[in-house]
Amino acid sequence: MRRLDAPMPSPDGKWVIVSVTEPSYDETASVSDLWIVPGDGSAPPRRLTNTKGGESGVTWSADGKRIAFSAKRDNDEVAQIYTLDMTAAGGEAVRVTSLSTGAFSPKFSPDGRWILFQSSVFPGAADDDANKNMAAERKARKYKARVYESFPIRNWDKWLDDTQRHVFVQAATPGSVARDLLAGTGLGAMPGFSGVGGNAGQDLQPVWTPDGRAVVFTASTNRNEAAFRETRYDLWQVAVQGGQPVALTKGPHSYAKPQFRPDGKALYAGQERSENKIYSLERLAMWPWPAQPGAAPVVVTESFDRSVGTYGFSKDGSKLFLTAEEATNEKLYTTASSGGSVKAVGDLRVGCYSSLTVAGGQLYANFDSATHPPEVVRIEPSTGEWKRLTMFNVERAAALDLAPVRHFETTSRGKKIHSMIALPPAFDEKKKYPLFVVIHGGPHSMWRDQWVTRWNYHLLAKPGYIVLLTDYTGSTGYGEKFAIDITGDPLRGPAQEILDAADDAIRRFPFIDSTRQAAGGASYGGHLANWLQATTTRFKCLVSHAGLVDLGSQWGTSDSIYHRELNAGGPLWEGGKIWTDQSPIHYAAKFKTPMLVTVGENDFRVPINQSLENWAVLQRMKVPSKLIVFPDANHWILKGEDSRFFYSEVQAWLAKWLGKA
């Protein structure tokens with residue numbers, strides 16, 4: 001299936017560009033290009049670029065005459081910013097930047113004369129020559145060592161280095177000199193300075209101010225305290241002509257994803273309330289512009305008990321459109337840009353919107369469901385009805401027997417628990433099918449009526465299984481309290497809800513064979529699979545990918561630790577009951593169910609030691625088990641052939657213990 005990035009409409013909404021990847025099991029044959037389609041759907045999309053390397057971060061100039069993007073082409077050693085004249089038929093992209101450290105995420109200034117972008121540089125480097133010299137010095141070192149004086153040291157699958165993301169501006173013409181707006185500033189020199197994410201994914205999320213004289217961006221100043229405090233992000237403003245950045249926000253909360261209202265009179269950003277809790281909704285906050293540093297914002301979605309996904313404004317700026325999760329769907333909502341009640345647009349009951357963008361009064365998004373891979377759609381702002389603009393995957397999906405998922409609710413521990421089931425091809429209500437309980441990760445995520453690759457519902461169901469997908473306590477899409485209620489009960493309570501949902505599914509659906517049940521999950525789902533290993537023998541077999549088995553050693557080796565203390569009520573050495581009472585390894589004597597254990601060797605979120613500990617216990621207890629280590633994988637199995645092998649091994653394991661489906 002083709003894979004689509006976020007749609008990027010022209011300022012007038014007449015055209016939409018989307019980056020499309022055509023994956024291949026032969027990685028050298030994978031293709032990624034930009035495609036363009038009329039915003040009214042009057043013609044099919046056409047390929048805009050056709051190069052060996054892909055493009056990312058595409059953006060339009062305000063007059064709609066040019067686009068800019070980041071790409072690594074020809075003799076580029078690193079990605080650079082290119083521009084393309086959209087008024088010239090068959091024109092070639094022109095390289096604008098030439099930094100040795102590369103250039104990413106471009107944005108045109110309001111007048112189109114300048115390009116704003118990001119690059120990862122060495123601390124203290126005043127210009128590109130200094131970066132080149134520092135890179136050469138490090139390359140010439142005769143030793144190899146990573147040296148740290150504060151947390152964090154890793155992120156997902158990368159060891160962190162001391163490079164940091166900076167904001168640059170440059171005239172939008174080839175040969176111009178780029179200006180580093182953070183070089184030599186007090187902010188850039190702070191030991192806790194960072195963009196969102198680790199070194200591999202730092203993002204300062206910069207945007208131009210309406211007058212084009214300054215840039216607003218997101219940054220942390222306390223990432224070096226991540227071992228014992230929440231990392232907090234503020235909004236900052238820096239003048240294009242240089243000077244010290246000014247903090248626009250202060251206090252305990254974090255802010256991200258800044259946008260200006262079309263009239264330029266207000267600044268908006270997502271707000272997460274840092275209150276020493278394991279989860280916070282993302283609300284939308286607003287400041288009149290120009291903003292006074294430290295001024296308290298108006299929270300325009302205060303009464304909305306859902307987390308804001310992506311958002312945009314109506315043409316006149318009077319309305320906000322946003323997406324938010326709601327019980328397996330991601331729906332479209334609207335509210336006044338000044339704040340007020342948030343109302344659903346239409347009645348979306350199947351599928352999910354993502355990557356909402358608004359331009360020229362038109363709404364564009366990606367839409368997919370469990371039976372329909374992603375496509376770009378245009379959404380009618382008054383009714384919520386959508387029209388498909390692309391059909392990259394429609395024909396292939398139509399050739400498959402993909403039954404819509406079914407929904408039901410279970411009462412467990414005094415609360416409503418939502419579940420879906422996926423059905424196998426050629427499904428017959430009169431036949432009996434084994435049950436495969438698949439547990440989502442997070443825990444702060446949810447099973448979505450969406451096309452997924454990590455645990456594709458229908459691919460798992462294909463051999464002849466009913467796949468059960470339950471949103472346990474801790475899941476998003478059901479309000480802030482539901483997500484927070486997992487605090488102090490990370491495994492036992494959610495596991496009970498999953499078991500209750502399985503029992504309810506068996507009662508509701510006569511086609512489920514209660515004598516043949518299996519369960520599995522990845523990440524937090526793997527944690528819960530290991531907890532099921534420790535607490536029940538109802539399943540014929542289990543599958544655990546990237547699963548925690550020991551709360552204590554996971555705390556000490558993961559790339560992220562502080563929120564684990566919050567969940568357990570304090571650090572390990574204070575002897576809190578959770579650290580042992582809900583740690584699967586402390587119940588090793590009860591391990592009896594055959595288990596498939598899989599892990600990526602480069603996973604630093606749930607490091608390989610967890611799977612090795614689990615494997616050691618299983619072997620010590622003489623439990624039938626199988627360990628698969630993917631040397632090139634991280635927290636996810638991303639390579640095509642690795643993924644194909646993973647699915648084949650999972651299905652072989654299920655077949656071995658459940659019998660013929």
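Results, tabulated for the structure shown:
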read-out: Restricting segment 537-554 to residues that are surrounded by 21 or more Cβ atoms within 10 Å (Cβ to Cβ) and in a helix (DSSP H, G or I), the residue that is nearest to the chain's Cα centre (by Cα); value: Q554
read-out: Wholly enclosed strands (runs of 3 or more DSSP E) of segment 1-101 bearing at least 3 residues more than 23 Å from the chain's Cα centre (by Cα) and of a type outside the set (F, W, Y); value: 31-38, 66-71, 80-85
read-out: Those residues of segment 567-616 which are aromatic (F, W, Y), under 22 Å from F539 (Cα atoms), assigned to a helix (DSSP H, G or I) and touching a residue at least 24 places away in the same chain (Cβ under 8 Å), in sequence order; value: Y587
read-out: Residue within segment 270-283 that is surrounded by fewer than 18 Cβ atoms within 10 Å (Cβ to Cβ), of a type in the set (S, T, N, Q) and on the phi < 0 side of the Ramachandran plot present; value: yes
read-out: Hey, G54 under 30 Å from M134 (Cα atoms), modelled with pLDDT under 95 and either surrounded by fewer than 16 Cβ atoms within 10 Å (Cβ to Cβ) or touching an Asp or Glu at 6+ places or on another chain (Cβ under 8 Å) (or both) or not; value: yes
read-out: Flag for G112 being part of a loop (DSSP other than H, G, I, E, B) and under 21 Å from Q244 (Cα atoms); value: no
read-out: Residue in segment 514-536 that is assigned to a loop (DSSP other than H, G, I, E, B), surrounded by fewer than 21 Cβ atoms within 10 Å (Cβ to Cβ), touching a helix residue (DSSP H, G or I) at 6+ places or on another chain (Cβ under 8 Å) and at pLDDT 95 or above present; value: yes
read-out: Matching residues, segment 335-356, being over 17 Å from the mean Cα position of the chain (by Cα), assigned to a strand (DSSP E or B) and surrounded by 20 or more Cβ atoms within 10 Å (Cβ to Cβ); value: T335
read-out: Residues located in segment 375-424, provided they are crowded, with 19+ Cβ neighbours inside 10 Å, part of a strand (DSSP E or B) and out of contact with any Asp or Glu (no Cβ under 6 Å at 6 or more places or on another chain); value: E375, V376, V377, R378, I379, W386, S419, M420, I421, A422
read-out: Qualifying position, being at pLDDT 95 or above, closer than 30 Å to L320 by Cα and part of a loop (DSSP other than H, G, I, E, B), among G474, G441, G464; value: G474
read-out: Those residues of segment 283-297 which are under 7 Å from L267 (Cα atoms) and in a loop (DSSP other than H, G, I, E, B), in sequence order; value: W289
read-out: Any hit, segment 134-151, residues being surrounded by 18 or more Cβ atoms within 10 Å (Cβ to Cβ), of a type outside the set (D, E, K, R), within 23 Å of S56 (Cβ to Cβ) and touching a residue at least 24 places away in the same chain (Cβ under 8 Å); value: no
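The values are calculated or read from the model by the stated rules, or taken from the named source; none is laboratory data. From a predicted model like this one, the values you see are computed outputs, not experimental measurements. Here the Cβ is made from the backbone with ideal geometry for all residues, glycine too, and neighbour counts use every protein chain on show.
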